[in-house]
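The values are calculated or read from the model by the stated rules, or taken from the named source; none is laboratory data. All of these numbers come straight from a predicted model, not from anything done at the bench. With ideal geometry, Cβ positions are generated from the backbone for all residues, glycine too; neighbour counts draw on all protein chains shown. With ligands, DNA and RNA removed, areas are computed over all heavy atoms of the protein, side chains included. Shrake-Rupley method; radii C 1.70, N 1.55, O 1.52, S 1.80 Å.
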Amino acid sequence: MDAFWEFFSLRDPNIRYVLGGTVLLGIASGLIGTFTVLRRRALVGDAVAHAILPGVCLGFILAGGKDPLLLVAGAFVFGLLSMITMDFITRNSIISPDTSIAMVLSVFFGLGVVLLTMIQSSSFTDQSGLDDFLFGQAASMVGYDVKVFGGLSLFIILSVILVYKEFKVISFDLTYAKSIGYPVKRLELAMALLMVLIITAGIQAVGVVLMASMLIIPAAAARYWTDSLSYLLLIAAVFGAISGAAGSFISYTAPAMPTGPWMVVSAACVFFVSFFFAPGRGELSRMLESKKLSFRIRRENVLKSLYSFEEKDGKAERVRTLSELMKTQRLSKLKMKSILSYLKNKELIHVYPGPPSGFVLTENGRKEAKRLVRVHRLWEKYLNEYLQIPEDHVHDDAESMEHLITEDIEKELRASLGSPDKDPHQSQIPYDDPASKQPDRSSNRRNTK
Amino acid sequence: MNEKSPHMPPLEVHDLTVAYNQKPVLWNIDFEIPEGSLTAVVGPNGAGKSTLIKAIMGLIPSSSGYALFYGKPLGKRRSSVAYVPQRESVDWNFPVNVFDVVLMGRYPHLKLFQRPRPVDKEIAMNALKEVGMQEYSDRQISRLSGGQQQRVFLARALAQDASVYLMDEPFAGVDAATERVIFNKLKELQEQQKTILVVHHDLQNIKAYFDHVMMLNLRLTAFGPTQSTFTDDNLQKTYGGRLNILSQIVERSRQERFVREKE
């Protein structure tokens, strides 16, 4: 806990630098990552991240040590080179994009590892920290490194804000963008360059192996929270920043630990929280949704059963026992009881202690049950009449559709069928208001709505 | 719209040939569309209907020939031409709402990096009203029916405020209500002397909806007023099988990766 306060109180200027650098990096990779994910270029991002390793090594050899500017230059050149290679292979051969991506990733990375080993076995005086480029080491950044890498991130953030409108169109509808004369090729190139740049900016803090995850995971997690591109960018940036901060904190408290994996693990935590708990799209809320639906279907079926007893013997006041009801549904006693107590609370049924103990529909309950039976039979009629489905095949479909038919759809059904008296099985269709039947069926077709 | 010369046709296409790497090919297409006409482009599957308007819009390269709008190439007439792509061409799960998409119709009137102005938002909202979709402006586009999605595309084109409209299958997979909305809108545009070219697949309503018809099957088989052009004879020519030798040479040029010399 002490370490936590010491770190986030930002008293140590070195910590301020490192934290500032990783947070900027997280924001920038969240922004670029959003477009990368939306344009389905996530794998390309991964390939580019791996492919910059030989560039980093060459930069190291040229500088004779760790010089951030030369490292960035080398990484940038190789990132670009890998993209051009992937594009060239896909365009000019029968090899599919995924294959060319995989090839470029492994070949470039392999070359990088070869160079890395050569440097390590040679007589370079200062080769400390070269390993860091594989898995990242945020804490080893000094002021100058932060200025270079943080500056890159800042440049990327500003660029995305500037070309937001153009990036939005080419990501959503490329043909339209072309048709209004946008310089699509140049915009796509700009987007690709920004992606290479952000990957380059991450070599020190995250490392080449895992940089792609910083691009992809915050954006993928953010998609669970919003349907608007501007908010998506904002949330992805925040998630990126959180991951960046968490990574650098761990790098600070445990200097032997590489930063990249920790950043990715933090990002993954954010993703899992989103995946399970985001309202609306998260797994939990979807599960609740479907539980709610199946509970509604069951209780509607129970209401219908009560009504069908009445229909059979015409005795609305008669009390129906639990065992009678149990025969109509495939439900456990416990579930049935919970449904009945729900219906009672909603005042859809009366419960009589007996003897014989049992249940009777209330006025409202009967109305609702009638509605269900009505839409069931109307739907059967519709299937039979408009889709020419034989009457012995319509029941099962209506059994599930009755729970989905809204008031509006019922109105349309009645309009196009003309409120018929009987369903295809010659059962009476129960209306609340027999007087207001619509006799004229031809003038009231669906289209006029 | 701005400086159109009165004698120039809104769209003329000269000897357009498209040798597309894989799919259909167009052969020496040559026509001139009269101002204020509503034209249906019809033909069998793979006849090159979409290819034609894509080539006119410069979205795919053509091996020879050219298209002019009011006597000038498209590059000089961007703001007076609106193109409506096929609905399937975009990812409807993309995180934008209806209004955002329609607002994109104003982008050709904005400079690079310029943000939409209040007046653009007003125009976009009006376009949305015109297709009866104003209540849906905040709705995410994936939660629309196929017909509503098509209306959103039409609204975007309306917001472009163009004088020539090229539409790729705007009636594909739409409900009856949407079909009526779109068709009424096209009629209205026509009354404002706009010129409209529509790739269409339903031969049933050609006579009721369109005053001109263009019949296509790798080559232009017929073009003119619907009354005199949409005849059994021309339908037979268009739909009665491919010209055998022409399809053979098309197939060969594809296999040989043949590229015509550019003049």
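General remarks:
- With a 10 Å cut-off around each Cβ of B:92-103, the average count of Cβ atoms from other chains is 4.
- Debye intensity ratio I(q)/I(0), log10, chain A, q values 0.10 Å⁻¹ (C-alpha model): -0.79
- Model label sites at A:SER357 and A:SER285, defined 7 Å from Cα along the beta-carbon direction, differ in position by 4.1 nm.
- Hits among lysines - C-alpha to C-alpha of A:LYS315 under 22 Å, sequence gap 8 or more where chains match: A:LYS304, A:LYS327, A:LYS344, A:LYS367, A:LYS370, A:LYS422
- The listed residues A:TYR182, B:TYR70, A:TYR231, once ranked by accessible area (1.4 Å probe) with the largest placed first, stand as A:TYR231, A:TYR182, B:TYR70.
- Measuring r between the beta carbons of A:LYS422 and A:ASP397 and using R0 = 22 Å, the FRET efficiency lands at 0.75.
- Taking label points 7 Å from Cα along the Cα-to-Cβ direction, A:LYS292 and B:SER79 give a separation of 4.9 nm.
- Förster radius 60 Å - calculated FRET efficiency between A:VAL113 and A:SER9 (Cβ-Cβ, nearest 0.05): 0.90
- Shown is the FRET efficiency for A:LYS335 and B:GLU88, computed with R0 = 41 Å from the Cβ-Cβ distance and rounded to the nearest 0.05: 0.40.
- Per residue value of the accessible surface for the protein assembly as shown (all protein chains in place, 1.4 Å probe), Å²: 48 Å²
- Compared with its chain on its own, region A:170-206 contains the following residues whose accessible area drops by 40 Å² or more in the full protein assembly (probe 1.4 Å; ligands, DNA and RNA excluded): A:PHE172, A:ASP173, A:THR175, A:TYR176, A:LYS178, A:SER179, A:ILE180.
- Remark: the B:TYR66-B:ARG180 segment gains 37.6 nm on full extension, using 0.36 nm per residue and subtracting the alpha carbon distance.
- Carbon-plus-sulfur accessible fraction, the protein assembly as shown (probe radius 1.4 Å, protein heavy atoms only): 58%.
- With each label modelled as a point 7 angstrom along the Cα→C-beta vector, the A:ALA268-A:SER121 pair spans 3.3 nm.
- Total formal charge among the other residues, if their Cβ is under 15 angstrom from that of A:THR226, Lys/Arg +1 and Asp/Glu -1: +2
- Interface A:B - total buried accessible surface [probe 1.4 Å, Å², rounded to 100]: 2700 Å²
- Normalised by 2.2 N^0.38 Å, where N counts its residues, the alpha-carbon radius of gyration of region A:285-361 equals 1.13.
- Here, region A:22-92 is characterised by an Rg to Rh ratio of 1.05, where Rg is the alpha-carbon radius of gyration and Rh the Kirkwood radius.
- Taken over the Cα atoms of region A:351-408, the convex hull encloses 102 Å³ per residue.
- Global form of region B:30-69, assessed from the alpha-carbon gyration tensor, a/c cut-off 1.5: oblate
- Helical content alone sets the calculated 222 nm signal of chain A at -22500 deg cm²/dmol, taking -39,500 (n - 2.57) per DSSP H segment of four or more residues and averaging over every residue.
- In sequence order, calculated HN-Hα J values of region B:40-55 (Karplus, 6.51, -1.76, 1.60; Hz; x Gly/Pro): 9, 9, 10, x, x, 4, x, 7, x, 5, 5, 4, 4, 6, 5, 5
- Cα principal axis extents for region A:135-197, largest first, Å: 49, 23, 16
- 15 Å Cα-Cα reach of A:LYS346 towards aspartates and glutamates, excluding residues that sit fewer than 8 places from it in its own chain: A:GLU300, A:GLU363, A:GLU368
- Mean Cα-pair separation over length for chain B, i.e. relative contact order, pairs under 8 Å, 6 or more apart, %: 27 percent
- Tail beyond 26 Å, pair distance distribution of chain B (Cα, percent): 43 percent
- Cα gyration tensor shape for region B:43-179, rounded if a/c is under 1.5, else prolate or oblate: oblate
- 37 °C / 0.692 mPa s Stokes-Einstein diffusion coefficient of region A:1-119, Kirkwood radius on C-alpha pairs, µm²/s: 200 µm²/s
- Three principal axis extents describe the C-alpha atoms of region A:28-67; from largest down they are 40, 18, 8 Å.
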